[in-house]
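Worksheet: the structure to be examined is printed underneath.
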Amino acid sequence: MASSVFLLDLKGKPLIARDYRGDIPLSAIDRFMPLLQDREDEQGTSLPVMTENGVTYLHLREKDVYLVALTRKNANAMTLLQFLHHLAKVFTEYFKTLEEESIRDNFVIIYELLDEMMDYGVPQITEPKILKEYITQESHILEIMPRPPLAVTNAVSWRSEGITYRKNEVFLDVVESINMLVNPSGQVLSSDIQGAVKMKVYLSGMPELRLGLNDKVMFESTGRSAKGKAVEMEDIRFHQCVRLSKFESDRTIS
């Protein structure tokens with residue numbers, strides 16, 4: 001849980017501040033920039049997570065803006081850092097560029113986004129497409145406020161309901177890159193392959209898709225032999241729509 005979120009300029013001056021829990025005084029942000037400079041002088045680089053007097057500072061820099069989250073709880077640091085990355089992504093979607101000037105010009109809608117994306121310090125809605133359906137830069141002049149889309153309260157927050165296409169199509173691309181370290185004599189010291197399966201889906205409604213790969217782990221667990229070469233997959237990351245329990249049980253991506 002985050003106690004508060006700040007947007008600072010390069011000098012550490014607060015541009016936007018949102019207090020969610022009230023357990024950390026807003027003046028605690030004054031220690032962020034001196035603490036950051038001390039860490040850079042001692043270690044030669046800045047750390048994304050710093051702690052002082054029981055307050056944990058987690059930060060992300062985008063151009064001339066610092067996004068900082070403060071907490072006293074034993075919070076999941078990666079969750080809060082990921083939230084800051086999503087926050088920067090949402091701001092970029094709205095303002096095209098995230099910098100001090102765009103923050104000053106859009107502080108009203110920024111407060112609206114901060115209220116929708118986090119509730120009492122817990123991340124909520126972080127999908128830009130869903131947020132854009134009911135939070136617009138002109139929303140404060142509308143006589144009738146738009147109703148929140150169903151995706152906000154739906155279990156599927158990354159896809160709106162009622163989507164229809166004249167033709168159902170699925171496009172799948174496999175992108176691979178090879179990283180290799182070779183010594184002067186030509187001997188391979190280390191190598192790895194990084195790949196991504198990217199899908200562009202034009203399907204009506206909310207269909208369930210299943211994707212099976214020639215996974216080496218699956219063939220070994222079932223005692224089957226692959227007709228071709230099996231692939232050993234490690235350090236896998238999925239989109240949030242994938243059912244992780246299904247993949248762990250039978251290695252099916254659905």
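The values are calculated or read from the model by the stated rules, or taken from the named source; none is laboratory data. Not measured: the values here are computed from a predicted model. We place every Cβ from the backbone using ideal geometry, glycine too, and count neighbours over all the protein chains shown. Surface accessibility is based on the protein's heavy atoms, side chains included, excluding ligands, DNA and RNA. Shrake-Rupley method; radii C 1.70, N 1.55, O 1.52, S 1.80 Å.
Would you pick out the residues in segment 187-205 that are open to solvent by less than 70 Å² (accessible area, probe 1.4 Å) and modelled with pLDDT of 85 or more?
190 - this is the single residue of segment 187-205 that is open to solvent by less than 70 Å² (accessible area, probe 1.4 Å) and modelled with pLDDT of 85 or more.
Kindly indicate whether residue 71 is among the β-branched types (Val, Ile, Thr) and free of Cβ contacts under 8 Å to residues at least 24 places away in the same chain.
No, not satisfied.
Against the conditions (1) of a type outside the set (S, T, N, Q); (2) modelled with pLDDT under 80; (3) open to solvent by 50 Å² or more (accessible area, probe 1.4 Å), where does residue 172 fall short? Just the number, please.
(2) is the only condition that residue 172 fails.
Which numbered condition trips up residue 1, out of (1) part of a strand (DSSP E or B); (2) at pLDDT below 85?
So residue 1 meets the others, but not (1).
Return yes or no: is residue 47 farther than 23 Å from residue 106 by Cβ and open to solvent by less than 30 Å² (accessible area, probe 1.4 Å)?
Spelling it out, it is not the case that residue 47 is farther than 23 Å from residue 106 by Cβ and open to solvent by less than 30 Å² (accessible area, probe 1.4 Å).
Among the residues of segment 6-15, what is the count of those that are surrounded by fewer than 18 Cβ atoms within 10 Å (Cβ to Cβ), in contact (Cβ under 8 Å) with a residue 24 or more places away in the chain and assigned to a strand (DSSP E or B)?
Total meeting the criteria: 1.
Which one is least open to solvent (accessible area, probe 1.4 Å), of the residues in segment 61-74 that are over 14 Å from residue 16 (Cβ atoms) and touching a strand residue (DSSP E or B) at 6+ places or on another chain (Cβ under 7 Å)?
Among residues in segment 61-74 that are over 14 Å from residue 16 (Cβ atoms) and touching a strand residue (DSSP E or B) at 6+ places or on another chain (Cβ under 7 Å), the one least open to solvent (accessible area, probe 1.4 Å) is 71.
Filter segment 99-117 down to the residues that are closer than 17 Å to residue 8 by Cβ, of a type in the set (A, V, I, L, M, F, W, C) and open to solvent by 10 Å² or more (accessible area, probe 1.4 Å) and list them by number.
107
Between a residue in segment 235-254 that is over 26 Å from residue 192 (Cβ atoms) and any residue that is open to solvent by less than 60 Å² (accessible area, probe 1.4 Å) and not aliphatic (A, V, I, L, M), which pairs come within a Cβ distance under 6 Å, given they are 6 or more apart or on different chains?
243/254; 246/252; 246/254
Let's see how each residue does on (1) at pLDDT below 85; (2) open to solvent by 70 Å² or more (accessible area, probe 1.4 Å); (3) more than 26 Å from residue 87 (Cβ to Cβ); (4) in contact with an Asp or Glu (Cβ under 9 Å, 6 or more places away or on another chain):
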{"position": "123", "(1), (2), (3), (4)": "yes, no, no, no"}
{"position": "129", "(1), (2), (3), (4)": "yes, yes, no, yes"}
{"position": "136", "(1), (2), (3), (4)": "yes, no, no, no"}
{"position": "150", "(1), (2), (3), (4)": "yes, yes, no, yes"}
{"position": "153", "(1), (2), (3), (4)": "yes, yes, no, no"}
{"position": "160", "(1), (2), (3), (4)": "yes, no, no, yes"}
{"position": "165", "(1), (2), (3), (4)": "yes, yes, yes, no"}
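List every residue pair whose Cβ atoms lie under 9 Å apart, where the two residues are 6 or more positions apart in sequence or sit on different chains, the first residue falls within segment 102-113 and is farther than 11 Å from residue 7 by Cα, and the second residue, located anywhere, is assigned to a helix (DSSP H, G or I) and modelled with pLDDT under 80.
108/140; 109/139; 109/140; 112/139; 112/140; 113/131
Within segment 214-254, take every residue that is at pLDDT 65 or above and on the phi > 0 side of the Ramachandran plot and give me the one that is most open to solvent (accessible area, probe 1.4 Å).
Restricting to residues being at pLDDT 65 or above and on the phi > 0 side of the Ramachandran plot, the top hit is 235.
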